Amino acid sequence: GTFEAVETIVSAEATGTIEKLDIEEGQQLKRGATIGYIDSTQLHLKKKQLQAQIRAVLSKKPNMSTQLAALLEELQHTEHEQRRIANLMKSDAATQKQLDDATAQVNIIKRRISAQESTLGITTSSLVEETLPLQVQIEQLEDQLAKCRIINAVNGTVLTKYVESYETAVSGKPLYKIADLSTVILRAYITGDQFSKAKLNQKVTVLVDDENGSYKEYPGTVQWISDKAEFTPKTIQTKDERANLVYAVKIGVKNDGFLKIGMYGEVKL
């Protein structure tokens, strides 16, 4: 069979001009590395506009301390008057009606303060709720801004680069293909009489031609065995062999750098 690897195509998640794409074919990349970005000027300006709208709405919030200052001062004066009348009553210099009137006045002002606080609180809450949809839009923009950064998805080697800097990207457009070549997979084929010998997680020996005309051996592990027979692929050299029914197997092999995608290999069960 031939060697292959798990290949990942990294695509753009935003639309715009690719301002930077700092990769080359054959380059080793780490997962999570920022390797470029897509122009995000319009998104940034839209975010600033929404932030300005939020500030404009919140600027209408009433200042509770200022709005209540006059009533609180009036309450303080009325309570002082109530205490003065209560002291006068002790020396029979004031009547009970005067004290009752002063007490009633204090209660009236307290109710006015409570009503004003409720009104101001409702106004403030209404304005804050008015900003919530704007805040959600900002969060959406922040997500789009994050997607303007091109983040490498997996550890591996860049196999193919599809675009260059200053080209236009659209969401979903492939940017490059990457694969982790530290472990490669040999997709080989076994015949029906060999099928019973192959088991998952079985340790096998993989043979690869070396420069001396002999074989280079690698330890491998059977990772997958097909449960369906198929005709031998056309990559097998002889017509007689291609006519046989075989089963595909995948064997994981630790790569020392010598193994390449598409290279032929054999398996010794």
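The values are calculated or read from the model by the stated rules, or taken from the named source; none is laboratory data. Everything numeric in this text was worked out from a predicted model, so none of it was measured. As a convention, Cβ positions derive from the backbone with ideal geometry for all residues, glycine included, and neighbour counts pool all protein chains shown. Side chains included, ligands, DNA and RNA excluded: accessible areas come from the protein's heavy atoms. Shrake-Rupley method; radii C 1.70, N 1.55, O 1.52, S 1.80 Å.
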### Task
Take the Cα coordinates of region 15-75, assign each an equal point scatterer, and use the Debye formula without solvent to give log10 I(q)/I(0) at q = 0.21 Å⁻¹.
-0.91
### Task
Normalising by the residue count of the chain, find the relative contact order in percent from Cα pairs under 8 Å and 6+ residues apart.
31 percent
### Query
Near Asp210, within a Cβ-to-Cβ distance under 14 Å, what is the net charge of the other residues, with Lys and Arg +1 and Asp and Glu -1?
-3
## Note on the structure
With all protein chains present, region 150-222 has a carbon and sulfur share of its accessible area (1.4 Å probe) in percent of 51 percent
### Task
Can you check what the net charge comes to around Thr123, using other residues whose Cβ is under 12 Å from the Cβ of Thr123 (Lys, Arg +1; Asp, Glu -1)?
-1
### Query
What nm value, rounded to one decimal, do you get for the distance between Asn155 and Ile122 when each label is placed 7 Å out toward the C-beta?
6.2 nm
### Task
Working from Cα positions, state the angle (0 to 90°, nearest 10) between the long axis of helix 64-90 and the longest principal axis of the chain.
40 degrees
### Task
Using only Cα atoms, find the angle between the long axis of helix 41-58 and the longest principal axis of the chain, and express it within 0 to 90 degrees, rounded to the nearest 10.
20 degrees
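Keeping all protein chains in place, calculate the accessible area per residue for the chain (probe 1.4 angstrom), answer in Å².
63 Å²
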## Note on the structure
Note: Lys48 to Ser171 extended length (0.36 nm per residue) minus current alpha-carbon separation gives 42.0 nm
### Message
Starting from 0.36 nm per residue, how many nanometres of slack lie between Glu73 and Ala56 once their C-alpha separation is accounted for?
### Response
3.0 nm
### Whole-percent carbon and sulfur share, accessible surface of region 11-129, 1.4 Å
49 percent
### Message
Let me understand region 1-43 better: what is its radius of gyration from the alpha carbons, and its Dmax, in angstrom?
### Response
14.1, 51
### Message
What is the sum of charges, Lys and Arg at +1 and Asp and Glu at -1, for the other residues whose Cβ falls under 13 Å from the Cβ of Ala56?
### Response
+3
#### Entry: Answer label, with Cα Rg over 2.2 N^0.38 Å calculated from the coordinates and candidates (i) 1.09; (ii) 1.22; (iii) 2.12
(iii)
### Query
Comparing Lys161, Lys46, Lys197, which has the greatest mean-square fluctuation in the GNM of the chain with Cα pairs linked when under 10 Å apart?
Lys197
### Query
When the chain is modelled as a GNM with alpha-carbon springs shorter than 10 Å, which of Ala229, Ala198, Ala94 fluctuates the most?
Ala94
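Can you classify region 131-218 as rounded, prolate or oblate using the Cα gyration tensor, where a ≥ b ≥ c are the square roots of its eigenvalues, rounded means a/c under 1.5, and otherwise it's prolate if a/b beats b/c and oblate if not?
prolate
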### Message
Suppose only helical runs count, i.e. DSSP H with n ≥ 4. What mean residue ellipticity at 222 nm does that imply for the chain under -39500 (n - 2.57) per run, divided by all residues and rounded to the nearest 500 deg cm²/dmol?
### Response
-13500 deg cm²/dmol
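How high is the relative contact order of region 107-179, given as a whole-number percent (alpha carbon pairs under 8 Å, six or more residues apart)?
Taking the mean separation of contacting Cα pairs over the length of region 107-179, I get 25 percent.
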### Message
From the phi angles alone, apply the Karplus equation (6.51, -1.76, 1.60; θ = phi - 60°) to region 16-27 and give each ³J(HN,Hα) in whole Hz, x where the residue is Gly or Pro.
### Response
x, 7, 6, 6, 7, 9, 8, 9, 9, 4, x, 6
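Which is the longest stretch in the chain that no exposed loop site breaks, taking sites as GluC sites (Glu not before Pro) with a DSSP loop state and at most 13 other Cβ atoms within 10 Å? Please list the in-between numbers first.
Numbers: sites that count: Glu24, Glu25, Glu164, Glu167, Glu211.
Longest run free of exposed loop sites: 26-163.
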